[in-house]
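A short write-up of the structure that comes next.
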Ligand code: ADP
């Protein structure tokens, strides 16, 4: 861009110089043919015409045009500083205001274009998010609505049917409640409203707590959860115990939901130099390669037909929430999986200094 503008190097001085020289030369030519003036007088007339012309043209250019341009440039500079603090001041001392103004306009246009593209991307994301949310909300609402209307249309008279339908409606509404809670959590995590309350805690103790909480759910699928570390071991880490518990529950709950019936789940902790590695592994059907880096996206589910109500699926928010929580602990959650063999998810937490 700058290279194409190198040839426009006209300044007010140069313009004034050229015009004055031309005017002085023309007048001197007239005088040269005059028989009344001597050589010295002609030179003096040339010098006088040249200098007065130069001053006149130079100042009028400076005052009328270049100063105006400088004013425009000044406003541009102010706008740029306000909007794009990162831009350098390398254009500030360039002698050619036309060149400077062109450079500035190109830069601003380029930046505005980038901003427009970013806004378009965010708008598309927002649209997609809204579509996903309404779709997810629709499923449990329609289900509960269907059961309640069937009851009102007469099914209520049969006690057995009434109980069954009421339970189904309640389950759909429980799913709706969990979904709304998850939505609130993820939007707060993304907004940065939720602060991690970091304090030292023992991971092994937390592991046992989570295991006790999910054991009965695992049993419904005939699965076993193994805590690989001995109960007396201790893994003191720094983190938000409640949020890390939420991550462990999400990961183990997924292993139960998506693992194989009669299968196994292993939870283990391993001390490193400064960090402790937390691993959740299962021997389920695994995740195909093409889905691996998408499962942490909001609402991403491999099998979309599995929903919250009854078919053992979720909303696709669990891993997105877990990823946010782990990242708020300055770590990353990593997945490794092989179809037919199982899935492993792990992340690290900072050890408490002793
Ligand atoms: P969901 O609420 O649907 O469980 P998650 O965000 O927790 O959502 O998980 C996203 C998707 O990743 C799930 O729908 C599932 O298809 C897949 N997934 C997660 N964990 C496992 C696992 N241990 N084994 C197989 N698939 C899994």
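The values are calculated or read from the model by the stated rules, or taken from the named source; none is laboratory data. Remember, it's a predicted structure, so these values are computed and weren't measured experimentally. Note that we place each Cβ from the backbone using ideal geometry, even for glycine, and neighbour counts take in every protein chain shown.
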* Asked: What are the residue pairs meeting all of these: first residue in region 227-247, first residue touching a residue at least 60 places away in the same chain (Cβ under 8 Å), second residue crowded, with 18+ Cβ neighbours inside 10 Å and in a loop (DSSP other than H, G, I, E, B), Cβ atoms under 6 Å, and 6 or more apart or on different chains?
  -> 239/329
* Of the residues 287, 302, which is at pLDDT 95 or above, within 11 Å of the ligand (Cβ to nearest atom), surrounded by fewer than 21 Cβ atoms within 10 Å (Cβ to Cβ) and in a loop (DSSP other than H, G, I, E, B)? -> 287
* Asked: Is it true that some residue in region 242-263 is under 12 Å from residue 344 (Cα atoms), surrounded by fewer than 21 Cβ atoms within 10 Å (Cβ to Cβ) and away from the ligand (no atom under 13 Å from the Cβ)?
  -> no
* Where residues in region 195-208 are within 30 Å of the chain's Cα centre (by Cα) and touching a residue at least 12 places away in the same chain (Cβ under 8 Å), which of them is farthest from residue 299 (Cα to Cα)? -> 199
* Between a first residue in region 175-188 that is under 11 Å from residue 137 (Cβ atoms) and a second residue that is away from the ligand (no atom under 12 Å from the Cβ) and outside any helix (DSSP H, G or I), which pairs have beta carbons less than 7 Å apart while being 6 or more apart in sequence or on different chains? -> 175/309
* To do: Kindly establish whether residue 343 is under 28 Å from the mean Cα position of the chain (by Cα), near the ligand (Cβ under 7 Å from one of its atoms) and modelled with pLDDT of 95 or more.
  => yes
* Going by the conditions given, is residue 263 in contact with a helix residue (DSSP H, G or I) (Cβ under 9 Å, 6 or more places away or on another chain) and modelled with pLDDT under 95? -> no
